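Undergrad: Mind having a look at this structure? Questions to follow.
Each value in this text was obtained by applying a stated rule to the coordinates, not by laboratory testing. Predicted, not measured: the structure shown is a model, and the values here were computed from it. Cβ placement follows ideal geometry from the backbone for every residue including glycine, while neighbour counts extend to all protein chains displayed.
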C-alpha cells in the first residue's frame with residue numbers, strides 16, 4: 001500500500017511540474033481546440049498556476065464527463081460514456097471545486113487503488129520485487145498519464161483488479177459489488193466477468209454467481225438510454241463518433257495491411273505496435289489462464305470497434321489490459337534491461353503527454 005501511495009503521489013507531482021515546465025512551450029491551435037465539444041469556458045492560459053495544474057488536463061473525454069456530471073445525458077452522443085464516473089464527479093464536486101478538480105482527484109485516487117490492487121494481485125504468485133516492478137512499468141507505459149487525467153480508465157482498472165483479487169481470495173460478495181462498479185464505469189468493465197467466472201469454475205463454488213453482476217449495469221444502462229429516447233450505442237457510435245461495429249478479424253486484417261502499405265503514419269503505427277505488444281505480453285505461456293481470458297475478451301472488444309482513423313486512441317485503450325504489465329515485468333531481465341526499457345518508455349510517455357496537452361488526440 002505504501003509503495004502504491006508514494007508512486008501515485010510522485011507521478012501526480014511530476015505531471016504538475018511537467019505542465020508548469022511546458023506551459024510556455026505549448027502550441028495551441030485554436031481551430032483544433034474549438035473542434036472539440038464544451039470548450040466555451042476553459043481555464044485561460046493567462047491563469048498560469050491553474051492552467052499548469054488543471055487546465056492542461058481539460059481535454060477531450062474529460063469535458064464530456066464533466067458536462068454529464070453537471071447536466072446529465074442531455075444529448076444522444078453522451079451515452080457512450082457510462083454513468084458511474086460522472087456520478088462520482090458530481091458527488092465530489094461538493095468538496096472539490098471546480099468539477100475538473102473533482103475529476104482529477106477521483107482519477108488519482110483510483111490510480112492509487114489500481115497500483116495497490118495489481119501489487120497485491122501479483123504478490124499472490126510472485127515476489128514482492130516482481131509486484132513492484134509490475135506497478136512501476138504500468139505507471140510509465142507511454143499513455144499511462146491518462147490514469148491521472150479526467151478519464152474513467154483508472155476507475156475501471158481499480159474495480160476490475162480488486163474484483164479479481166477478491167475472487168482469488170474467495171470473497172464473492174465483494175467480487176460482485178466491485179464487478180458491478182466496473183461494469184457501471186466503462187463498457188469494457190463488464191468483461192471482468194470472464195476471469196471471475198473462470199476462477200469460480202476452477203474453485204467449484206456456487207458463490208461465483210456474483211460475477212454475473214458485472215453485466216447488469218451495461219444492460220440496465222442500455223435499457224434506460226432507449227427508454228429515454230437517446231438511442232443505442234449501435235446507433236450512436238457511427239452517427240457521432242465515426243465508429244462502426246466490425247468482425248474483429250476483418251479489423252485486424254485492415255490494420256495489418258495499413259501498417260505495411262499505409263506510408264508514414266507514426267500515430268497509427270504506434271497504436272498498432274502497442275496493441276500487438278500488449279496482446280503478446282498478456283498471452284505469455286506463464287500467464288494465468290484467467291488473465292489470458294480477460295485479455296482476449298478485451299482485445300476482441302477493441303477490434304470490434306472499427307474507428308476512423310483506424311485504431312484511434314488504442315494507446316489509451318490497451319491500458320486496461322493489465323496482465324500485459326505483469327508479462328512485461330516477467331520479461332525484463334536485470335537492472336540494465338529495466339533501465340534501458342524505462343528510459344525508452346518515459347521518452348515516448350513525455351512526447352505523447354506533450355501532444356496531449358496541445359490538444360492532439362494521441363490517447
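Undergrad: Semi-axes of the range 239-313's equivalent ellipsoid from the Cα gyration tensor, sqrt of 5 times each eigenvalue, largest first, rounded to whole Å? Walk me through the intermediate numbers first.
TA: Details: eigenvalues 107, 50, 19 Å².
The equivalent ellipsoid of the range 239-313 has semi-axes of 23, 16, 10 Å.
Undergrad: Right, another one. I need to check one value: relative contact order of the chain, counting alpha carbon pairs closer than 8 Å and at least 6 residues apart, in percent. Working shown, then result.
TA: Details: 499 pairs, mean separation 67.1, N = 363.
Reported as a whole number, the value is 18 percent.
Undergrad: On full extension of the chain, what length is gained from residue 245 through residue 27, given 0.36 nm per residue of separation minus the C-alpha to C-alpha distance? Can you show the working numbers first?
TA: On the way: separation 218, 0.36 × 218 = 78.48 nm, distance 3.50 nm.
Separation in residues times 0.36 nm, less the Cα-Cα distance, equals 75.0 nm.
Undergrad: Quick one: Debye curve from the alpha-carbon atoms of the range 77-189 only, equal weights, vacuum; give me log10 I(q)/I(0) at q = 0.09, 0.22, 0.24 Å⁻¹ to two decimals.
TA: Log10 I(q)/I(0), no solvent term: -0.25, -1.21, -1.30.
Undergrad: For the range 1-138, what is the largest minus smallest coordinate of the Cα atoms on each principal axis, given in angstrom and ordered from greatest to least?
TA: 50, 36, 27
Undergrad: What's the center-to-center distance, using Cα atoms, between the range 27-72 and the range 181-219 in Å?
TA: Spelled out, the Cα-based centre of one part sits 35 Å from the other.
Undergrad: Can you sort 180, 287 so the residue with the fewest Cβ neighbours within 10 Å comes first? Walk me through the intermediate numbers first.
TA: Values: 180 22, 287 18.
If I rank by nearby Cβ atoms, fewest first, I get 287, 180.
Undergrad: Any idea how far apart residue 47 and residue 96 come out in nm if each label point goes 7 Å out from Cα toward Cβ?
TA: Label at residue 47, label at residue 96, 1.7 nm between them.
Undergrad: So what is the relative contact order of the range 15-73, in percent, for Cα pairs below 8 Å that sit 6 or more residues apart? It would help to have the intermediate numbers written out before the result.
TA: On the way: 30 pairs, mean separation 22.1, N = 59.
Normalised by residue count, the contact order of the range 15-73 is 38 percent.
Undergrad: Also, I was wondering about something else. Using a ≥ b ≥ c from the Cα gyration tensor of the range 173-303 (square roots of the eigenvalues), is it rounded, prolate or oblate, where a/c under 1.5 gives rounded and otherwise the larger of a/b and b/c decides, a/b for prolate? Kindly include the intermediate steps, with their values, before the conclusion.
TA: Details: a/c = 3.04, a/b = 1.25, b/c = 2.43.
In terms of gyration-tensor shape, oblate.
Undergrad: Per DSSP helix of 4 or more residues, -39500 (n - 2.57); summed, then divided by the residues of the chain. What does that give at 222 nm, rounded to the nearest 500?
TA: Details: 18 runs with 235 residues, N = 363.
Computed mean residue ellipticity for the chain: -20500 deg cm²/dmol.
Undergrad: Over the range 262-363, what lengths in whole Å, largest first, do the semi-axes of the equivalent ellipsoid take, defined as the square roots of 5 times the eigenvalues of the alpha-carbon gyration tensor? Could the numbers behind the result be given before it?
TA: On the way: eigenvalues 108, 81, 22 Å².
Those come to 23, 20, 11 Å.
Undergrad: Let me ask something else about it. Report, to two decimal places, the Cα Rg of the range 209-283 normalised by 2.2 N^0.38 Å (N = number of residues). Working shown, then result.
TA: Numbers: Rg = 17.4 Å, N = 75, 2.2 N^0.38 = 11.3 Å.
Relative to the rule-of-thumb radius for its length, the range 209-283 sits at 1.54.
Undergrad: Same structure again: For labels at residue 6 and residue 344 in the simple 7 Å Cα→Cβ model, what's the distance in nm?
TA: 2.8
Undergrad: Rank the residues 160, 155 as a footprinting-exposure proxy: fewest other Cβ atoms within 10 Å of their Cβ go first. Each step should come with its number before you reach the end.
TA: Details: 160 31, 155 27.
Neighbour counts put them in this order, fewest first: 155, 160.
Undergrad: Now for a different question. Using a Förster distance of 51 Å, how high is the FRET efficiency between residue 234 and residue 127, based on the Cβ-Cβ distance and rounded to 0.05?
TA: Details: r = 46 Å, r/R0 = 0.90.
With R0 = 51 Å, the Cβ-Cβ based efficiency is 0.65.
Undergrad: If you don't mind, there's one more thing I want to ask. Cα atoms only: what Rg and Dmax, in Å, come out for the range 10-70?
TA: Considering the range 10-70 through its Cα atoms, Rg and Dmax are 12.2, 34 Å.
Undergrad: Taking the beta-carbon count within 10 Å as an exposure proxy, list 164, 199, 3 from fewest neighbours to most.
TA: Values: 164 28, 199 25, 3 15.
Fewest-to-most Cβ neighbours within 10 Å comes out as 3, 199, 164.
Undergrad: So if each residue of separation counts as 0.36 nm, and I subtract the Cα-Cα distance between residue 273 and residue 220, what length gain in nm does that give?
TA: Details: separation 53, 0.36 × 53 = 19.08 nm, distance 3.54 nm.
This chain segment gains 15.5 nm when fully extended.
Undergrad: When the expected Rg is taken as 2.2 N^0.38 Å, what fraction or multiple of it is the alpha-carbon Rg of the range 44-117? Spell out each step's value before the answer.
TA: Working: Rg = 13.0 Å, N = 74, 2.2 N^0.38 = 11.3 Å.
Expressed relative to 2.2 N^0.38 Å, the Cα Rg reads 1.15.
Undergrad: What is the diffusion coefficient of the range 127-211 in µm²/s, taking the Kirkwood radius over Cα pairs and the Stokes-Einstein relation at 25 °C with a viscosity of 0.890 mPa s?
TA: Working: Rh = 13.6 Å.
The diffusion coefficient I find is 180 µm²/s.
Undergrad: Quick one: in the chain, what % of C-alpha pairs are over 37 Å apart? Please report the intermediate quantities before stating the final value.
TA: On the way: 10134 of 65703 pairs.
Value for the chain: 15 percent of Cα pairs lie more than 37 Å apart.
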